[in-house]
């Protein structure tokens, strides 16, 4: 085992002794108390299976058959989630065939950042994660279930489902993916058209046509943003069937994997001798495995919040220093857009998850002494699924990369580290994704150009006011201010400035999309401007320095002058009313800082 990864894991375990012990006590108590079908009154139980067919009613009355909860984020506006429309019946049939029952326990909301990007609805995006977690808890609260299946893929949805499932950590839980859409317009070409549109070189029709050729069918978007990062991390944590993350929807193999996932959930319940609850699977080693895989593949920076919150839901305290040290120990092994030109289907063709598992295991970069939904250890995950005479089987995966431009080796990685830097200075703490930058390190010192709202940048860009070396500051975008929307719409104009030869970077207490990375961006700055962060005192022309080699994020203004400055107050009320945002005032007020997961679910609990 890599000594640095081992040490980080031990440090997480030691600092989390009290919180993990409290979590295990909670789920052990829940195990002893439930499920309560046998203790429900006749009226309660009758309500619980009133709509079931006679066979399922009989099975649920007997108390000897497993009842598997289906929790789904289906809607047919999200291309990634549209395939879930037919999954419940597939699952019910598969579970019934092995003598158990599956009930659709509840649906959770599922919004698409791709639709809301740059619009008012994006202000609800991050907070939707906690709503999904609570919705999952409501779905499972009937206490009718022996296990659960979670159906979700995209940005806040899988983290929300994980948070909710871990609150019912005594239940065995299997995550069921739906797979990416086939490859469309290459991501590099899509990015070129977006940038040309930002420069006014092409019109809206050309842009819409390029976007439509890229996002063209059912399935997950094929770039390596948060959605596909979710799938990779969940499989690395042992919550997917091996090799199931990136099988295209609507294929016989995809349906076979869905049926197999349903059957596997019935094998893990407390009714048999293979009881494996999710709260035992998601331990410190599983969390670190997920982090290592994220860093080895240049995954989404959103997980610097999501995985912190997920770990906390399982009783572990993880911080950005852990991310930084793991990044230093983990070589960058993939080039998937935006960290290259390939998409997730190309990654699968190059060797995919089975080879990634094998590579990381062989190098001692993963903990192999873990539990998964398939048993102990990760060796099963070095195999890949296939259909043989109509039967689902797993065979040994490739022993070497089939395309070293997409999936590299530990001996010859694309970069020696995972490409995530933690920055710290008088401006606070921030993270920067460096894996997609043109140079391996970033050092820029330039005057600040300050915006209180992301939409102000467009006018400045169009007027030419940004045609210079500068560090763009976009503040009052944090969790407590407006819910921390993604600022991916800033990427094309900043990319244009970069291509014009200017040294540019972004500093913000907001988020960038999981698909971002070309422009140096110190994001998730904490404390945020609204909560006393020094960002609120930055003025146009102030010199700011970003240095990923030293980890510095510095505002070069004398302390005496800063003491005399009044913190800027932003009119954020415009971002708190309309499009339902006024209903989230209470949640915004309880969201923790970015490094604590930007989460509202653990208020009042010991950290």
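Table for the structure above
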item	result
Residue in the stretch 137-154 that is closer than 19 Å to residue 220 by Cβ and surrounded by fewer than 24 Cβ atoms within 10 Å (Cβ to Cβ) present	no
All positions within the stretch 71-91 that are over 21 Å from the mean Cα position of the chain (by Cα) and either closer than 21 Å to residue 134 by Cβ or touching a residue at least 24 places away in the same chain (Cβ under 8 Å) (or both)	87, 90, 91
Among the candidates 97, 133, 66, residue that is closer than 30 Å to residue 592 by Cα and either in contact with a helix residue (DSSP H, G or I) (Cβ under 8 Å, 6 or more places away or on another chain) or in the same structural domain as residue 256 (by TED's automatic domain parsing) (or both)	133
All helices (runs of 4 or more DSSP H) inside the stretch 1-65 with 1 or more residues being farther than 27 Å from residue 279 by Cα	42-49, 54-62
Of the criteria (1) out of contact with any helix residue (DSSP H, G or I) (no Cβ under 6 Å at 6 or more places or on another chain); (2) under 18 Å from residue 495 (Cα atoms); (3) in a helix (DSSP H, G or I); (4) without any contact (Cβ under 8 Å) to a residue 24 or more places away in the chain, which one residue 193 fails	(1)
Any hit, the stretch 45-67, residues being under 27 Å from the mean Cα position of the chain (by Cα) and closer than 30 Å to residue 99 by Cβ	no
Hey, residue 272 outside the structural domain of residue 548 (by TED's automatic domain parsing), assigned to a helix (DSSP H, G or I), over 27 Å from residue 410 (Cα atoms) and more than 18 Å from the chain's Cα centre (by Cα) or not	no
Sole exception among (1) in contact with a helix residue (DSSP H, G or I) (Cβ under 6 Å, 6 or more places away or on another chain); (2) modelled with pLDDT under 95; (3) part of a helix (DSSP H, G or I) for residue 185, by number	(3)
Residue within the stretch 466-481 that is without any contact (Cβ under 8 Å) to a residue 12 or more places away in the chain and either in a loop (DSSP other than H, G, I, E, B) or closer than 26 Å to residue 600 by Cβ (or both) present	no
Wholly within the stretch 488-607, helices (runs of 4 or more DSSP H) carrying at least 1 residues that are out of contact with any strand residue (DSSP E or B) (no Cβ under 9 Å at 6 or more places or on another chain) and buried (at least 19 other Cβ atoms within 10 Å of the Cβ)	491-499, 585-590
Positions within the stretch 421-432 being within 18 Å of residue 513 (Cα to Cα) and either in contact with a helix residue (DSSP H, G or I) (Cβ under 9 Å, 6 or more places away or on another chain) or part of a loop (DSSP other than H, G, I, E, B) (or both), in sequence order	421, 422, 430, 431
Flag if residue 171 is over 27 Å from residue 352 (Cβ atoms), over 21 Å from the mean Cα position of the chain (by Cα), outside the structural domain of residue 497 (by TED's automatic domain parsing) and modelled with pLDDT of 95 or more	yes
Subset of the stretch 172-182 [more than 23 Å from residue 271 (Cα to Cα) and part of a loop (DSSP other than H, G, I, E, B)]	177, 178, 179, 181, 182
Residue in the stretch 198-207 that is within 30 Å of residue 85 (Cβ to Cβ), surrounded by fewer than 24 Cβ atoms within 10 Å (Cβ to Cβ) and either more than 24 Å from the chain's Cα centre (by Cα) or modelled with pLDDT under 95 (or both) present	yes
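Residue by residue, here is whether (1) under 15 Å from residue 523 (Cβ atoms); (2) surrounded by fewer than 20 Cβ atoms within 10 Å (Cβ to Cβ); (3) under 25 Å from the mean Cα position of the chain (by Cα) holds:
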{"site": "431", "(1), (2), (3)": "yes, no, yes"}
{"site": "465", "(1), (2), (3)": "no, yes, no"}
{"site": "468", "(1), (2), (3)": "no, yes, no"}
{"site": "472", "(1), (2), (3)": "yes, no, no"}
{"site": "477", "(1), (2), (3)": "yes, no, yes"}
{"site": "480", "(1), (2), (3)": "no, no, yes"}
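The values are calculated or read from the model by the stated rules, or taken from the named source; none is laboratory data. Since this is a predicted model, take the numbers as computed values, not measurements. Methodologically, a virtual Cβ is constructed for each residue, glycine included, from the backbone with ideal geometry; neighbour enumeration extends over all protein chains shown.
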